[in-house]
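Q: If you scroll down you'll find the structure; I have some questions about it.
The values are calculated or read from the model by the stated rules, or taken from the named source; none is laboratory data. The model shown is predicted, which means the values in this text are computed figures rather than measured ones. In this analysis, Cβ positions are derived from the backbone assuming ideal geometry, glycine residues included, and neighbour counts consider all displayed protein chains.
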C-alpha cells in the first residue's frame with residue numbers, strides 16, 4: 001500500500017511541509033528574539049529581508065497543509081478496498097491505532113494553518129510589519145503539531161496491513177458502543193440539527209452587524225467555532241442518514257464516495273472554510289488599534305464574515321434541500 005501513488009504523494013508532501021516549517025521556525029525564533037522595528041541596524045535590515053522569504057515559504061507550505069487534509073481522507077477512502085472488513089475511509093483509519101490520531105491532528109492543523117494564513121495576509125497589508133510577532137509566535141505553536149502529524153501519518157501508512165480485519169462504519173457509528181462516534185450518532189436528531197440552524201442564523205445576524213460597522217469579531221469567532229462543531233454533529237446524527245435514507249447509517253465518510261457524487265467533499269469544504277473564516281475574524285480582533293491596519297482590518301474582517309456566511313449558507317442549502325426533497329424521515 002505504501003507504493004500507492006496517492007500515498008507516496010501524501011508522505012512526500014508531509015516531509016516537505018515539515019521541512020519548510022522547521023526551516024521557517026528556526027528563522028522565526030531568531031526574528032522574534034532580535035526584531036526591533038525602530039532600529040536601523042544591519043541586523044534589522046537582514047531580518048526584514050528574511051521575513052519576506054519566510055512568509056512566502058510558509059504561505060505555500062501551509063496552503064499545502066490545507067490541501068493535504070482532503071488528500072488524506074481521499075487516500076483512506078481509496079485504500080478501503082484493499083483492507084478486509086473496511087467499507088469506506090472509516091475502516092482504513094481504524095486498521096491500526098494511529099489512523100484517527102493522525103486524522104485528528106490533521107484537522108486541528110488545518111484550522112491553525114488557516115488562521116496563520118489570515119494573520120500573514122493581514123500583516124502583509126501593513127507597512128510596518130504590525131503582526132510579525134503574533135504570526136511567528138503562532139508558527140512556533142503550530143510547528144510541533146505539524147511534526148507530530150507527519151510522524152503519525154508515516155507510521156500509520158507503514159503499519160497498514162491488508163490482511164488485518166478492521167471494523168466497518170456500521171459498527172463504529174452504531175449507538176450504544178460507548179465511543180465518541182457512537183455518542184455522536186446517538187445524539188437526538190432534531191435538537192442537534194436545530195443547534196446547527198441556530199448557528200447559521202446567528203452567522204447571518206453577525207454578518208449584518210459587521211456591515212453596519214459594529215463588532216470586533218470575537219462573537220463571530222465563537223459562533224463560527226460552535227456552528228462548525230454543531231454541523232459535524234448534525235451531519236452524523238441527522239443529515240447523513242437522510243442522504244443515505246437509512247436510519248442506522250450515520251457514517252460521515254460514505255458521503256465522499258461516488259455513490260453519493262462525492263458530495264461530502266463539498267459539504268466538509270464549506271464547514272471547514274466557514275470555521276476558518278469566522279474564527280479568523282476573532283484572531284484579527286485584538287489588532288484594531290494598530291494605525292497601519294486601521295483601513296485594512298475592518299475591510300478584511302467584513303470579507304471573512306461574508307465568506308463564513310457563504311460557506312455555512314451553502315452547507316445549509318445543500319442539507320436542507322436533501323431533507324425537503326427526500327421521502328425519508330428519521331423521526332415521526
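Q: Which one of 117, 63 is buried (at least 18 other Cβ atoms within 10 Å of the Cβ) and under 30 Å from residue 301 (Cβ atoms)?
A: Unique residue meeting the criteria: 117.
Q: To continue, here is another question. Give the residues of the range 36-59 that are more than 15 Å from residue 140 (Cβ to Cβ) and surrounded by 19 or more Cβ atoms within 10 Å (Cβ to Cβ), sorted by residue number.
A: Scanning the range 36-59 gives a single hit, 47.
Q: While we're looking at this one, here's another question. Go through the range 216-240 and give me each residue that's part of a loop (DSSP other than H, G, I, E, B) and surrounded by fewer than 20 Cβ atoms within 10 Å (Cβ to Cβ).
A: 216
Q: Working carefully through the options 64, 23, find the one that is farther than 22 Å from residue 276 by Cβ, out of contact with any strand residue (DSSP E or B) (no Cβ under 8 Å at 6 or more places or on another chain) and at pLDDT 90 or above.
A: Going through 64, 23 in turn, the sole match is 23.
Q: Tally the residues that are touching a residue at least 60 places away in the same chain (Cβ under 8 Å), buried (at least 22 other Cβ atoms within 10 Å of the Cβ) and in a helix (DSSP H, G or I), restricting the search to the range 80-92.
A: 4
Q: Of all residues in the range 141-158, count the ones that are more than 21 Å from the chain's Cα centre (by Cα) and under 17 Å from residue 6 (Cβ atoms).
A: Qualifying residue count for the region: 2.
Q: Given the criteria over 16 Å from the mean Cα position of the chain (by Cα), assigned by TED's automatic domain parsing to the domain that holds residue 196, modelled with pLDDT under 90 and surrounded by 18 or more Cβ atoms within 10 Å (Cβ to Cβ), does residue 213 qualify?
A: For residue 213, the condition - over 16 Å from the mean Cα position of the chain (by Cα), assigned by TED's automatic domain parsing to the domain that holds residue 196, modelled with pLDDT under 90 and surrounded by 18 or more Cβ atoms within 10 Å (Cβ to Cβ) - is not met.
Q: Taking the residues in the range 278-326 that are in contact (Cβ under 8 Å) with a residue 60 or more places away in the chain and within 29 Å of residue 246 (Cα to Cα) as candidates, determine which candidate is surrounded by the most Cβ atoms within 10 Å (Cβ to Cβ).
A: It comes out as 312.
Q: Given the structure, is residue 114 closer than 28 Å to residue 259 by Cβ and modelled with pLDDT of 85 or more?
A: So residue 114 does not fit the description; no.
Q: Sort through 256, 263, 297 and tell me the only one that's within 30 Å of residue 119 (Cβ to Cβ) and either touching a helix residue (DSSP H, G or I) at 6+ places or on another chain (Cβ under 8 Å) or assigned by TED's automatic domain parsing to the domain that holds residue 113 (or both).
A: On inspection, the qualifying residue turns out to be 297.
Q: Do we find a residue being surrounded by fewer than 22 Cβ atoms within 10 Å (Cβ to Cβ) and not in a helix (DSSP H, G or I) anywhere in the range 28-35?
A: Within the range 28-35, one or more residues are surrounded by fewer than 22 Cβ atoms within 10 Å (Cβ to Cβ) and not in a helix (DSSP H, G or I).
Q: Is it the case, given these coordinates, that residue 17 is closer than 24 Å to residue 135 by Cβ, at pLDDT 90 or above, in the same structural domain as residue 122 (by TED's automatic domain parsing) and surrounded by 15 or more Cβ atoms within 10 Å (Cβ to Cβ)?
A: For residue 17, the condition - closer than 24 Å to residue 135 by Cβ, at pLDDT 90 or above, in the same structural domain as residue 122 (by TED's automatic domain parsing) and surrounded by 15 or more Cβ atoms within 10 Å (Cβ to Cβ) - is met.
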